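Novice: Quick one: the structure is below, questions incoming.
The values are calculated or read from the model by the stated rules, or taken from the named source; none is laboratory data. Note that the coordinates shown come from a computational prediction; the quantities given were computed from them, not determined experimentally. So basically every Cβ, Gly included, is an ideal-geometry build from the backbone, and we count neighbours across all protein chains shown. In case anyone asks, the SASA skips ligands and DNA or RNA and just uses the protein heavy atoms, side chains included. Shrake-Rupley method; radii C 1.70, N 1.55, O 1.52, S 1.80 Å.
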Amino acid sequence: MNLFFRCTSLLAFLSGCSSVPTVIAPLDDADVTPLKSEKLAVSYQLIAKRINYLETLYRVLWLEAKTSSQDFSSIFPADQELTGHVVARLREQSFHSDSVYDLVGMNIIDAANQANARSTLQSVVFNHPSIPGTKILPAELFFSDAPKQPEFMVLSQTLRAQGYRYLMQLTAMDIYGNAIGYGMVVVAATPNIRIVDLQTNKVIWNKNITQSAHYQLGGDLMKLAESDMAKTREGLKEGIGKWNFSALLGLSLEPAP
C-alpha cells in the first residue's frame, strides 16, 4: 500500500466519511456573498482537550493498532489559539474577521462553549473505528440548526450589538496523532464549520472539514508532545493554512480543499 493511499484512507476514517451523511452547503439556498463584506466573528472549540495517539504496528502476519491519549488542557490554550489561526487565514483571503476572544468577555465565551459541548456530546453516536472510547463528531446535519441555548443567545446578542453580522463556529471533538509507517506522523482534527447569520439566527452554511499536516518524525508520536506540544500546534496551524475559505463557500473559482 503506498503512502498517499494510506494517508488518504487515514483522513477518510478520521472524518467518518464512510458512515456520516453529508449536507450540501449553502443551506436553503442562502446567499453567502455578503460574507466577504460584512463583519464576521470567529470561534473554534475543541470539545475534548485531548490528543488521541494511534500507531499501526506491522507484525509478520497481521496489523496491530496501539492507542493512547493525553489531556493537554493545562499546557495548550487550544480554543483561543486555533481561533486566532482561523482569523488570520480568513484575513489573508479578505474576510473582515475577528476572534470572539477579542470581542466579548471570557465568561460569555466559556458559557457558550460549555453549552455547545453539552449539546454536541449528547448527539454523538459514532464510535471511532480504531480508538476505543473515542467518539466522532456528529454529522453535518446536526450543525444545520442554529444553537438555541440561552448561553449562545447572549453571545449572539453581544456580537450583533457590536456590528457583527455573522458568526463562524468551528467545533471539533479532539486531535489525532497517527504514526502511519515509513516514519511518517500525521497531526489531524476534523472540525465542523458552521456559519450563523446573527440577524436571523439561522445557519446559512456548514461543512465537516479536515485539518492536517504530516511530518517525518521517525514514527515517534511522543515528539508531538515535546516542548508544550510545539509540533502538534504547528501541524494544526499548518492544516488551517491550507483552507481556501473563498472556494469552500463558492465565492471563487479556485478548487476547495
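Novice: So, taking all protein chains as they sit and a 1.4 Å probe, how much accessible area belongs to residue 140, in Å² rounded to tens?
Specialist: 10 Å²
Novice: Additional query: Find out how many positive minus negative residues lie around residue 190, taking Lys and Arg as positive, Asp and Glu as negative, among other residues whose Cβ is under 15 Å from that of residue 190.
Specialist: Cβ neighbours under 15 Å give a net charge of +3.
Novice: With every protein chain kept in the model, how would you rank 29, 228, 98 by accessible area, 1.4 Å probe, largest at the top?
Specialist: If we order 29, 228, 98 from most to least accessible, we get 29, 228, 98.
Novice: Then there is this: Please report the spacing between the Cα centers of segment 30-53 and segment 199-257 in Å, no decimals.
Specialist: So the two Cα centres are separated by 11 Å.
Novice: Distance from the Cα centre of segment 80-124 to that of segment 126-163, in angstrom?
Specialist: Value for the Cα centre distance between the two parts: 11 Å.
Novice: Rank 227, 123, 94 by accessible area, highest first, at a 1.4 Å probe radius?
Specialist: Listed by decreasing accessible area, they come as 227, 94, 123.
Novice: What accessible surface, in Å², does a 1.4 Å probe find on residue 96, ignoring ligands, DNA and RNA and rounding to the nearest 10?
Specialist: Here the residue's solvent-accessible area equals roughly 100 Å².
Novice: Let me ask something additional. With a cut-off of at most 13 other beta carbons within 10 Å, and DSSP calling the residue loop, which trypsin sites (Lys or Arg not before Pro) in segment 209-245 qualify? Please list them.
Specialist: 242
Novice: Roll a 1.4 angstrom probe over the protein heavy atoms and tell me the percent of accessible area of segment 87-153 that is carbon or sulfur.
Specialist: Here carbon and sulfur together make up 52 percent of the probe-accessible area.
Novice: Any of 39/237; 36/135; 135/242; 202/223; 66/237 with alpha carbons more than 31 Å apart? Name them for me.
Specialist: The answer is 36/135; 202/223.
Novice: Same structure, new question: Ignoring ligands, DNA and RNA, how do 194, 91, 50 rank by accessible area with a 1.4 Å probe, largest first?
Specialist: My answer, sorted largest first, is 91, 50, 194.
Novice: Taking the Cβ of residue 173 as the center, what net charge do the other residues with Cβ under 12 Å away carry, scoring Lys and Arg +1 and Asp and Glu -1?
Specialist: +2
Novice: Quick check for me: using +1 on Lys/Arg Cβ and -1 on Asp/Glu Cβ, what's the dipole size of segment 29-120 about its Cα centre, in debye to the nearest 20?
Specialist: Details: 9 positive and 12 negative charges, 56 e Å.
That gives a dipole near 280 debye.
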